[in-house]
1. Per residue and in Å³, how big is the convex hull formed by the alpha-carbon atoms of segment B:367-525?
2. Given the Cα-Cα distance of residue B:764 and residue B:427 and 0.36 nm per residue of separation, how much length would full extension add, in nm?
3. Let's test the formula: R0 of 25 Å, r as the Cβ-Cβ distance of residue B:725 and residue B:695. What FRET efficiency results, to the nearest 0.05?
4. Placing +1 on the Cβ of each Lys and Arg and -1 on the Cβ of each Asp and Glu in segment B:518-582, which of B:520, B:537, B:570 has its Cα farthest towards the positive end of the resulting dipole?
5. Shape of segment B:95-140 from its Cα gyration tensor (a ≥ b ≥ c, root eigenvalues): rounded if a/c is under 1.5, otherwise prolate when a/b > b/c, or oblate?
6. Please state the shape class of segment A:4-94: rounded when a/c is under 1.5, otherwise prolate if a/b exceeds b/c and oblate if not, all from the C-alpha gyration tensor.
7. Not counting ligands, DNA or RNA, and with a 1.4 Å probe, what is residue B:820's accessible surface area in Å² rounded to the nearest 10?
8. Find the Rg to Rh ratio for the protein assembly as shown, where Rh is the Kirkwood radius over alpha-carbon pairs and Rg uses the same atoms.
Amino acid sequence: MSMNTKRVLLVEDDRFLRRACEKSLQQQGFNVSTARDGEEALRAIHADPPDIVLLDLLMPKVSGIEVLKDIKSDDKTRAIPVIILTNSSKEADIREIESLGVSGYLVKANLSLEELGSQVKQALEG
Amino acid sequence: MNPINGTLPGSYDYRLVALSVLIAILASYTALDLAGRVTAARGWARLTWLTGGAMAMGLGIWSMHYIGMLAFSLPVPVRYFLPTVVMSLLAAIFASAVALYVVSRQKMGPLPAAIGSIIMGSGIAGMHYIGMAAMRLSAECMYDMRLVNLSVVLAIVISLVALWLTFRFREEVKGTGWRKIVSALVMGAAIPVMHYTGMAAASFGPSGVPPDWSHAVSISSLGVAGITIVTFMVLGLAVLTSFLDRRFSAQTLELESSEARYRMLFERSLAGVYRITLEGRILDCNDAFSRIFGYTSRAEHLAQAADGQYLGSADREVYSARLREQKALTNFERCLRRKDGDPVWVLENATFLDGKNGAPGVIEGTLIDITERKQAEAELEKAKDAAESASFEKEQMLQTIQRSETRLREVIESINEGMCVVGRDELVELWNRGAEESLRRARQDILGHPLFGVFPELQKSRLPPALTEARRSGTTLVLEDLQLTLEGTHHIFLARVFPFEGGTTIFFNDVGEQKRAEKVQAATFRAAEAANAALSLEDLFRATHSIVADLMPAKNLYVSLYNPDTETLSFPYFIDEHDPAPAPRKLKKGLTEYVLRTGKALLALPEVVRELKEKGQIEGDGTPSVCWLGVPVKKGEDSVGVLAVQSYAESVTFGEEEQKILTFVAAQMAMAIERMRAEAELKSALQMKSDFVSFATHQLRTPLAGIKWSLELAAQEENLSEETASFIQDGRESAQRLIGMVNDLLDVSRLESGKLKLAPKETSLAELTQSVLKDVSQYIEKQGHHLSVSGMEGVPPVEVDPQLFRQVILNMVSNAIKYTPSGGKIDIRMGRENSFVRWAITDSGIGVPKASLARLFEKFYRAENVYKIETEGTGLGLHLVKLIVEKSGGRIWCESEENKGSTFQFTLPLGGGNA
C-alpha cells in the first residue's frame, strides 16, 4: 500500500501551524484532512475514519484527551493510530495519554516538519 | 645321910614371894608392851625388838623364878650350880622369844597359838625345873609328878592366855592402857602360880651326900637385891625404850592416819583436788576434779586427758607465773575447758611445791566449779550492760533528737517553701520564714490564731475544703493550683496538706514564682511552636486555648478579629460557659472593642468595669464576668483582633502574670495569623508562577513552532536568492534559540517544582559525550579549538536519565567552546575514581572571576565577564545542569582562574544513587 493513499487527520486549532503542517505532509505525499477543534475531529473520525490522527491537546470545545478517549472507546476507531502533537508538557496529561495508548507524543516546538513526516510513516508502518 | 623318909621342912619368905609376883607382873607388862613394838616394827627393828624383848622378858621370868626360889628357905644351905642357872636363863629367854614372835605376827590362828603356848609353857616349865636342878644342897629333891604335870599344864595354859591377851592388846596404841595393865596383872599372877605349883611338886629329903659346891654360888640377900635391881632396871629400860619408841611410832601413826584422812578428804571432797606439774600434766586428781571437767571418774580422766589440758587456758601464764613467784594462789578464778569443749569456770587455791633434789616442782590445788555462778554473774553483767547501754542509748537518742530538732528547726526556717502547722484547735502552731515570705504574713500575726480567721484570703480559697477532706480521709492531699491574691498580686500555690495526729501540716509552694516560670517558659515555647505549626486559624486558636488553659483558669476564652475593609468584628473562636458565640458585628462599646480601640491590654475587674462605664467608655455586653482579661492581637501598630479570657467564679481572678502570658500568646498568634496570610499569598503566587510557566511555555511554543515550521517550509522553496535563503536561515536559528530558552525555563521550573521526574537507566557517559561532540564538531572546527578526549574506554556506566545528561554534557561542552577564544584547548577527561565516576572538561578560556565563582550555578546568574563574549544567554544553563546532577545524586563544581581557563567537573556515584 502506497503512502499516498494514507489519509491523515490533522487536528490543530492554531491556523498557522495547521497550514504549515498540512502543506508539509502533503508535500511528503500524505492525503491530509484537517479539523480545527475536538468537535470537528470527532465528526470527521466517525464520518470517515482516517488511517492516522495527529492530535493537539489544548483545543476549544472538546480537548484532545476527550477526543482520544472517544477514539479508544469505539471499536470502529480504536485501531487508528494517534500521534499527540502538542506544546504542553504536563506530566499528568502525559501519564493519562500513555495509559490510553498512543503512537507518539511530540512537542511541536522541538519538532521539524520533516521529522513529523517520518514519525507518521513510522506509526503507520508500526 | 638323912633318912630317906624324912622331909626337910621348907618355909617361904612372903616378902620375897610378893617381890616375885611383882617382877612377874612387870615382866608380863613388858612382854605385852614389847609385843606391840615387835608387831609395829619391820626388818631390823623387828629383829632387834624381838631379841631385846625376849632377853628382857626372859630375864624378868627368870629373876621372878629365882626370887621365888629365894623366898623358899630350907634348913640347909642352898647353893646354885651356875651353868645350870645360866641354862635356865637361856630357856626363859627362848620361851620369851617364841612368845614374842607368835604374838607379833599379823595373824594368830588357833594352831600357831597352841604351838606357841606349848613352846612357851614348856620353856617356862623347863626354865623352872632347870633352875631347880641347879640347886646344890645337902638334901634330896623329890617331885610329886602329878604336881609337876599340873605345873607344866598351867605353864602352857598361862602361856596361851598370855599370848592371847598380848595379841589382843598389842594394838593398844596408847602407852599404858588399863587393858594392858589388867592383862599384865593376870599374866603376872599366873606365872608365880605355875612357879609355886612346881615348887609344891618338889620336896626335899635329907641326904648324907655332901653337895658338889664346885661352880655353885650362894644367893645372898645382897644377891637378891642385885637380881631385883638388875631385873627392874632391864625391864624398866625395856619399857622405857618401848614407851619412847611407841611415842615415836605413835607420831608416825598419827602422820599415817592424817595421810589417810587426807586421802579420804582427797577422794571424797566435793571440791576438785589435783596435783599437776608446772607444764600442766596431771599427776593425780580426785573424782570431783574429773567430774568438774566432764569425766565420769578420775580413772577415765587420767587415762584420757591429754597432757597439759588442765592448764590449757588463757590464764595459764598468769596462773603459772603467780604460782612460781608467790608459791600459792588463793581464790584464783579462771576459765577452763571441759572434755566436751564447753567452758568451765573454776575457783581454785593452789600451792607450788618446789621439787627436791632437782625434781620438777608440783602444783597442788583444789578447785570448785563456779561456772553457774559465773554465768549468773555474766547474765547480771549483761543485764547491767544492757541497762547501761540502754540508758546510754537513750541519752544519745535524746541528744540526737535534740540535735535533729534543732536541725529540723533550721531546715524549716531555711526552706523557701511555706510551712504551716495547724493544731486540732485550728490555731496556728508553726509558721516558717517561707510562709512569711510567700504568703506575705508575719508570724506574730498568725501564730496562735485560727488560720482562716486571720487570713480571709485563705478562707475564700480552695484550702478549707481540702483541709477538711484531708483530715477526714487521713491522707495527704495536693492542691495543684491554689489561687490567692495577696497584696493585689495574683499567686498560684501548690499546696500539700498532711494530716497528722496532732493537727495538719500545710506546705505552700509558690509555683507562680518558681515552677510557674518554667511552666510559662515551656508554654510560651509551645505557643510559639503552635503558632508556627498551625495550618489553619482554627488550629491556631484551639492550640492557643489549650496552652493558655495550662497557665491559668481559661475555661472561657475567645478570639475576635477585626476586618477593616468591612468594618466588622468577628469571633472565629469563642468558648464560653454562659454565652453563645456572637455573630460578626459592627463595632460597638464592648470590652473587646475597648481593647481593640486602645490597643492595650485590659484587666477588667468589677471596679474597673464600673469606672469605665461611668466614663462612658463601655456599655454592658453579655453575661457580666467577675474578671475579664483581654489583650490586643497586633499587626505592627494596628490592632487586628482581641484575645480574651474571662471568669464568672469568685475564686478565679487574673493578674499581671496572666496579662503578660496572654500578651505573649497574642503576639505569637498575631505572628501566626500574619504568617498564614503570607503563606497563603505565597502559595497562590507560587501557583500562579507555576501556572504561568506552563501557560507561557505553551503559549510561547505554539507561535515559535509556527515560525519554525513556516521558515522550514520557506527554506524548501526553490529559486530563492542566496541572500533570502540566508535570512530564512537566520530566522530559523533565532527561533531555535528561543525555543531552547523556553525549553530550559520549562525544565528548570519543572525540576524545581518536582514535576519533572527523572527516568534513570544505565547510561554510558562516553557514548553521550561522543554523541554531543558529533553534534558540535562543526562548531569546534569553526573556532579552531584543539580537542582531546581521554578515559572513554575505562568509564563504567552510570544510572542517570540519559536525555537530561545529554543536556548536561551538551551545556558544558557548548560553554567551553563558547567561552574559549579561537584556537584554544579543550580537554575532556572521564574515569572511575573509587565509587564514583568523574567527568571533567578543561578549557583555556576566559575563566570565571573569583567574585562570580560562588554564584555561578545560581538561576539567571551570569558571570561578570561573559558579556565580553556575548550578550545573549538566560543564565539558566548551569543552574539546570546543577539541578540535574544533584537530582542524580552527583556533585558539580568549577575551578577557574580568570583569563586562564576553567575546569567544570561532576561526579556521579556508581551503582545508581538517584537521590
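1. Measuring per residue, one finds 189 Å³ for the Cα hull of segment B:367-525.
2. Taking residue B:764 through residue B:427 to full extension adds about 111.8 nm, to one decimal.
3. According to the calculation, E is roughly 0.10.
4. B:520
5. The shape class here is prolate.
6. Since a/c reaches 1.5 but b/c is at least a/b, the shape of segment A:4-94 is classed as oblate.
7. For residue B:820, solvent-accessible area is about 0 Å².
8. 1.67
The values are calculated or read from the model by the stated rules, or taken from the named source; none is laboratory data. Remember, predicted model here, so these are calculated numbers, not experimental data. A quick note on method: Cβ atoms are made from the backbone with ideal geometry, for glycine too, and the neighbour counts reach across all protein chains shown. These area figures cover heavy atoms from the full protein model, side chains too; ligands, DNA and RNA do not enter into them. Shrake-Rupley method; radii C 1.70, N 1.55, O 1.52, S 1.80 Å.
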